[in-house]
Amino acid sequence: MRSLQSGALLCWLGLSAATGQPIKEWLDKQLTDAATMTASQKKPAQTQSTSLNHGSTTFVDKTSATDLLGTALNFSPVGGTQEGSGTVTASLYSFYTLASSQDPLKPSVYNSHSAMRTLFFTAGREEPSSSATTPTTAGTIAGARWLPVNRRDASAIAHDKVAREQLTKVASAFAGSTSAAVSELTNLLLSHQPDPKPTITQFITALHTVEDVQAAVDKLDTVDRGQVTALIAKFRNRMGAADKELDKLIVQLSRRWQVALDFQTTQRSGTVNSDYQIEMIADRAVNDRCFFTFNGSYLYSNSSRIGADTRNARGAFDFQYDVTHVGATSLKSPLQVSLSGEGLYRLQTWQYHAQVQIAIPIATGVNLPFSFGYGNRPELLRQTEKDAYGKFGLTLDVAKIVSSLKTGQ
């Protein structure tokens, strides 16, 4: 991360101010920084509610959540007992940018604070069961997740030779196709110069460094800066060669191992047990379209009745396959199919669940997850009974939704 922050990335990309083309150099940097941020945002992330939530459409947690804020709504299931739930997950980065009034999706801000995207907080509500054998009440969901091994973010490029080489190729592809964008940007900046306006030659000659160009952009109002953002997005989307190289970079990053430590709890009132879970999560890509996740957990269920507490061990895995492929510059999720399995050692008895899940992308940042499973019922008094169930929900990734609105994707 220090390499990115110190500007060493500019050296890797060959964007030297000595070329005498500050507008082109500034545009190349914006394109490459945006590409780096896109690669980070496309990393696999959990948008569904956490596994301890009985209403969740998944029982396998991923190492990372959304960059800013994600919402998961779980509706009343088919063949189950839970009446639904809802959770909100936010990163430390989202709190920081809100408190400091910074644009969280500005590439320079985003790429400089990757460490804050290793800590996530979850809060939500679990509705009571209407048909369970044992009585239940509504529960309050809370949790936190930390990534001690975080190798898929933009900062990880600084420590990986192959990823650095791939990013250099992305930059080269951008640099060879920016002449039209340079012309548009020059005309836009010139049109907003105070009267009497300089000639185009005078204006260009006065821009000696990339910082001079940035200063001219900073003087624009919000609407005009939005035009600059749209201009960058438009030319990114036209660059087929850069798109291919960016795709390779995204694959390179997403294939890495990543490890998280997670704590979750569901607090319930009265005599109903409150649940706690400590979990280690590891995941990585098997190939370009297949992703593997493993969960190892310790669960503690606290009862107000003496001697009724339970302590359980749990292991779960998930294989996720991307049925469709989306372009490198698009943040829309692919159509995904997942196969999951879970084993829970509870009261000296093993319980098992198997589940197939389909995540259907509706729009950028908006997905509909459906899951269909079979296994032991969760209630203690009926733990030996097995049945089939179906769940469905709605997930929202705010970072991707806002990015798509800003770029018009």
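Tabulated data
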quantity	calculated
Ranked packing of 205-214, 166-175, 227-236, most packed first, by mean Cβ within 10 Å	166-175, 227-236, 205-214
Relative contact order computed over the chain (Cα-Cα under 8 Å; 6+ residues apart), in percent	19 percent
Rounded to whole Hz, the Karplus (6.51, -1.76, 1.60) HN-Hα couplings of region 343-351, x for glycine and proline	x, 10, 8, 9, 6, 6, 9, 7, 10
Spin-label proximity, Thr310 to region 239-269 - amide N less than 16 Å from point 7 Å beyond Cα toward beta carbon	266-268
Helix runs (DSSP H) in the chain reaching 20 Å along axis by Cα, Kyte-Doolittle at least -0.5	161-175, 222-238, 240-254
Nearest-0.05 FRET efficiency for Ile278 and Glu184, computed from C-beta distance (R0 41 Å)	0.15
Greater than 32 Å apart at Cα, pairs in Lys106/Lys244; Lys219/Lys248; Lys197/Lys234	Lys219/Lys248
Net dipole in debye of the chain [+1 Lys, Arg Cβ; -1 Asp, Glu Cβ; about Cα centre; nearest 20]	520 debye
Length-normalised contact order for region 88-237 - Cα pairs under 8 Å, 6+ apart - percent	15 percent
Carbon and sulfur %, accessible surface of region 218-280 computed with the full protein complex present, 1.4 Å	58 percent
R0 of 56 Å, Cβ-Cβ distance Phe317-Asp195: FRET efficiency to nearest 0.05	0.25
Rel. contact order, % - alpha carbon contacts under 8 angstrom, at least six apart, region 235-312	23 percent
Centroid-to-centroid separation of region 223-267 and region 295-319 [C-alpha atoms, Å]	36 Å
Rounded accessible area per residue of the chain, 1.4 Å, Å²	44 Å²
Gain upon complete extension [Asp221, Leu347; 0.36 nm per residue less C-alpha separation]	38.9 nm
Simple label model, 7 Å out from Cα along Cβ direction - Ala354 to Ala138, nm	3.7 nm
Ellipticity estimate at 222 nm from DSSP helix runs (n ≥ 4, -39,500 (n - 2.57)) divided over the chain, nearest 500	-10000 deg cm²/dmol
Extension gain, Trp257 back to Tyr298 (0.36 nm per residue minus Cα-Cα distance, nm)	12.6 nm
Net length gained if the chain between Phe95 and Thr271 were fully extended (0.36 nm per residue, minus Cα distance)	59.8 nm
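The values are calculated or read from the model by the stated rules, or taken from the named source; none is laboratory data. This structure is a prediction, so every number in the text was calculated from the model and none was measured. Neighbour counts are summed over all protein chains in view; Cβ atoms, including those assigned to glycine, are modelled from backbone coordinates with ideal geometry. Each accessible area value is taken on the protein alone, full model and side chains, heavy atoms only, with ligands, DNA and RNA left out. Shrake-Rupley method; radii C 1.70, N 1.55, O 1.52, S 1.80 Å.
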